[in-house]
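Chemist: Let me give you the structure first, and then I'll get to my questions.
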Amino acid sequence: MHSNFLHRYDYRRRLSEADLLDFIAGDWGKLAEAQKSAIEEMGEYMAARSSLPKIFIQLFAYDFAQTFAAGDLVWVNMSPDTHLPPEVKYYRVIKANQGITPSSDNPAYWQPLTTDPRSTIVRDFVVDIALYRVVPANSPIEIANQFRQFYDDAIAWCKVYMKNERPTQLPQEPPGDRGILIAGGKDKPSYGSSSSSNNNDRRNSYQGW
């Protein structure tokens, strides 16, 4: 079952889909890897205050053939015309099901959500960092610089968040409840050691893929 923190329409705040496809040379897998990298980098700062799985929540793209479990968060584009802007709706699964279309007409299975369940600012910064990762190497200098600035702004916010210098409505957790599970890896610990700081410095100088 396919799940992510972001979905393909989140990138529209920065790029049209046609431009995005140019950025990634038509390879959606490259964008998925960039998203994972962005979440891990932001997580190294944000774990100082928050339970990361509660922030980088998993969204499932609705698929008629997939079985969804109670509690899953699902998105679906309700617009039938691919030439029109998407109409993305979000639902929480009430009862495990397969093949039951998300709708308020099926209240036993689906709870319509009135808003995007993710933090808007976190979502937007993950987009910015992920796009910085995939800026083509042959991009004009002004485009490369613009996306570098988006990246720098995102990391600056993360650093302020880490230091408890910014009020927040994001979930705050005691240290023992923080961390993120990286697919194929281990729970990420809380950060703050000198070696972690050095790793962050190297990431901050990263020039894209």
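The values are calculated or read from the model by the stated rules, or taken from the named source; none is laboratory data. The structure presented is a predicted model; accordingly, all values stated were derived computationally and were not measured. Because the Cβ atoms are built from the backbone with ideal geometry, glycine has one as well, and the counts that use them run over all protein chains shown. These area figures cover heavy atoms from the full protein model, side chains too; ligands, DNA and RNA do not enter into them. Shrake-Rupley method; radii C 1.70, N 1.55, O 1.52, S 1.80 Å.
Chemist: Which of the residues that make up segment 1-48 are within 30 Å of Thr67 (Cβ to Cβ) and hydroxyl-bearing (Ser, Thr, Tyr)?
Modeler: Scanning segment 1-48 gives Ser3, Tyr9, Tyr11, Ser37.
Chemist: Within segment 127-169, track down each residue that is on the phi > 0 side of the Ramachandran plot and either at pLDDT 95 or above or under 19 Å from the mean Cα position of the chain (by Cα) (or both). Spell out the reasoning first.
Modeler: First pass over segment 127-169, keeping only residues on the phi > 0 side of the Ramachandran plot: 164.
Listed by number, the list is empty, since nothing qualifies.
Chemist: Quick check: anything in segment 146-161 aliphatic (A, V, I, L, M) and open to solvent by less than 30 Å² (accessible area, probe 1.4 Å)? Please lay out each step first, then the result.
Modeler: Taking segment 146-161 first, the residues aliphatic (A, V, I, L, M) are 154-156, 160.
Filter again for open to solvent by less than 30 Å² (accessible area, probe 1.4 Å), leaving 154-155.
Within segment 146-161, one or more residues are aliphatic (A, V, I, L, M) and open to solvent by less than 30 Å² (accessible area, probe 1.4 Å).
Chemist: Just to be sure before I move on: is Ser139 surrounded by 14 or more Cβ atoms within 10 Å (Cβ to Cβ), without any contact (Cβ under 8 Å) to a residue 60 or more places away in the chain and closer than 27 Å to Ala18 by Cα in the structure I sent?
Modeler: Details: surrounded by 14 or more Cβ atoms within 10 Å (Cβ to Cβ): yes; without any contact (Cβ under 8 Å) to a residue 60 or more places away in the chain: yes; closer than 27 Å to Ala18 by Cα: yes.
Against the criterion (surrounded by 14 or more Cβ atoms within 10 Å (Cβ to Cβ), without any contact (Cβ under 8 Å) to a residue 60 or more places away in the chain and closer than 27 Å to Ala18 by Cα), Ser139 qualifies.
Chemist: Turning to a different aspect of this structure: Please identify the pairs in which a residue from segment 150-166 that is within 14 Å of Glu41 (Cα to Cα) has its Cβ atom under 9 Å from the Cβ atom of a residue that is part of a helix (DSSP H, G or I) and open to solvent by 60 Å² or more (accessible area, probe 1.4 Å), counting only partners at least 6 apart or on another chain.
Modeler: Ile155/Arg203; Trp157/Ile121
Chemist: Report, ordered by the first and then the second residue, all pairs with beta carbons closer than 7 Å, sequence separation of six or more or different chains, a first member in segment 43-59 that is of a type in the set (Phe, Trp, Tyr), and a second member that is part of a loop (DSSP other than H, G, I, E, B).
Modeler: Final answer for the pair search is Phe56/Phe5; Phe56/Ile180.
Chemist: Separate question: Within segment 73-86, can one find any residue that is under 19 Å from Asp10 (Cβ atoms), surrounded by 15 or more Cβ atoms within 10 Å (Cβ to Cβ) and among the polar types (S, T, N, Q)? Spell out how you get there, then give the answer.
Modeler: Of the residues in segment 73-86, the ones under 19 Å from Asp10 (Cβ atoms) are 73-79, 82, 84-86.
Still in the running and surrounded by 15 or more Cβ atoms within 10 Å (Cβ to Cβ): 73-77, 86.
Imposing the further condition that a residue be among the polar types (S, T, N, Q) reduces the set to 77.
So far as segment 73-86 goes, yes, one or more of its residues are under 19 Å from Asp10 (Cβ atoms), surrounded by 15 or more Cβ atoms within 10 Å (Cβ to Cβ) and among the polar types (S, T, N, Q).
Chemist: Among the residues of segment 38-59, which ones are part of a helix (DSSP H, G or I) and open to solvent by 30 Å² or more (accessible area, probe 1.4 Å)? Please lay out each step first, then the result.
Modeler: Step one: list which residues in segment 38-59 are part of a helix (DSSP H, G or I), which gives 38-46, 52-55.
The answer is Glu40, Pro53, Lys54.
Chemist: Then there's this: Does segment 14-37 hold any residues that are aliphatic (A, V, I, L, M), open to solvent by 30 Å² or more (accessible area, probe 1.4 Å) and assigned to a loop (DSSP other than H, G, I, E, B), and which are they? Talk me through it step by step, then tell me what you get.
Modeler: Step one: of segment 14-37, the residues aliphatic (A, V, I, L, M) are 15, 18, 20-21, 24-25, 31-32, 34.
Narrowing further to those that are open to solvent by 30 Å² or more (accessible area, probe 1.4 Å): 18, 21, 25, 32.
Correct list: Ala25 only.
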